[in-house]
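The values are calculated or read from the model by the stated rules, or taken from the named source; none is laboratory data. All values reported here derive from a predicted model rather than from experimental measurement. Quick reminder, even Gly has a Cβ in these numbers, built from the backbone with ideal geometry, and neighbours come from all protein chains shown. Note: areas computed on protein heavy atoms with side chains; ligands, DNA, RNA excluded. Shrake-Rupley method; radii C 1.70, N 1.55, O 1.52, S 1.80 Å.
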Amino acid sequence: MSHKNPPRRKQGKPSTPSSQLRIIGGEWRGRKLEFLATEGLRPTPDRVRETLFNWIQTIVPGAQSLDLFSGSGALGLEALSRGAERTTFIEKDTAAARQLNNNLQRLKAQNGEVIQADVLEWLESRQQDQESKYDLIFMDPPFRKNLIAPCCELLEKRNLLRDNAYIYIETEAELIDPNVPAHWHEHRKKTAGQVTYRLYQRISDSEI
């Protein structure tokens, strides 16, 4: 009896597994999109997104939004689906940024821009006199990396926020004080499992 050798598997780089996120409201409600399940990437859960967008439902339409540490883009995509005028996504990981661009193309979204860059470096490079200012910021950085405070400082230093802008920050639950600027007033706060999420409103310069 002869024994045939098993067929050899093709050699190549292991592919990064993909997962799905679901848009939960607005124009693309129910659409499912793939994102790369890279290490440390944890999209904001559906129930947290639903709560957040209930909080900001009157703010999103027409807003200029900025999604920092965008990862899957769940927050910025949800904002576009619900009528944001434009969302700028900042994501350091090349593969994640490429996938996010692919998803914008699938949705035929002309008002989303993906910038593959380190968030702190990108913020530092902004010019103070540039016209681009944002009404709505999403900030969901890797946990326990002490990234919140420097990001907040640069948003103010580079004059990127409109008066009365809203800033959403997602952190590890044990972080008691994310150390935001004194004139950012905590509007809402909630904890779900190991995540605490907060919504701040920036008090306008004339009111400081």
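Can you name the number of the only condition in (1) touching a Gly at 6+ places or on another chain (Cβ under 7 Å); (2) surrounded by fewer than 22 Cβ atoms within 10 Å (Cβ to Cβ) that PHE138 fails?
(2)
Test of understanding: among LYS189, LYS145, which residue is basic (Lys, Arg), open to solvent by 20 Å² or more (accessible area, probe 1.4 Å) and modelled with pLDDT of 95 or more? It would help to see each step written out before you state the result.
Working: LYS145 fails: modelled with pLDDT of 95 or more.
That would be LYS189, the only listed residue that is basic (Lys, Arg), open to solvent by 20 Å² or more (accessible area, probe 1.4 Å) and modelled with pLDDT of 95 or more.
Please go through the range 161-177 and pick out each residue that is closer than 17 Å to PRO141 by Cβ, modelled with pLDDT of 95 or more and touching a Lys or Arg at 6+ places or on another chain (Cβ under 7 Å).
Hits for the range 161-177 are ILE167, ILE169.
In the set LEU100, LEU104, LEU80, which member is closer than 24 Å to THR196 by Cα and open to solvent by less than 30 Å² (accessible area, probe 1.4 Å)?
LEU80
Which of the residues spanning the range 156-186 are surrounded by 15 or more Cβ atoms within 10 Å (Cβ to Cβ) and in contact with a helix residue (DSSP H, G or I) (Cβ under 7 Å, 6 or more places away or on another chain)?
Answer for the range 156-186, where residues must be surrounded by 15 or more Cβ atoms within 10 Å (Cβ to Cβ) and in contact with a helix residue (DSSP H, G or I) (Cβ under 7 Å, 6 or more places away or on another chain): ARG158, LEU161, TYR168, ILE169, THR171, PRO178, VAL180, PRO181.
Out of the residues in the range 20-37 that are out of contact with any helix residue (DSSP H, G or I) (no Cβ under 9 Å at 6 or more places or on another chain) and at pLDDT 90 or above, state the one that is most open to solvent (accessible area, probe 1.4 Å).
Going residue by residue through the range 20-37, those that are out of contact with any helix residue (DSSP H, G or I) (no Cβ under 9 Å at 6 or more places or on another chain) are 20, 30, 32, 37.
Now restrict to residues that are at pLDDT 90 or above: 30, 32.
Working: GLY30: 42, LYS32: 114 Å².
That would be LYS32.
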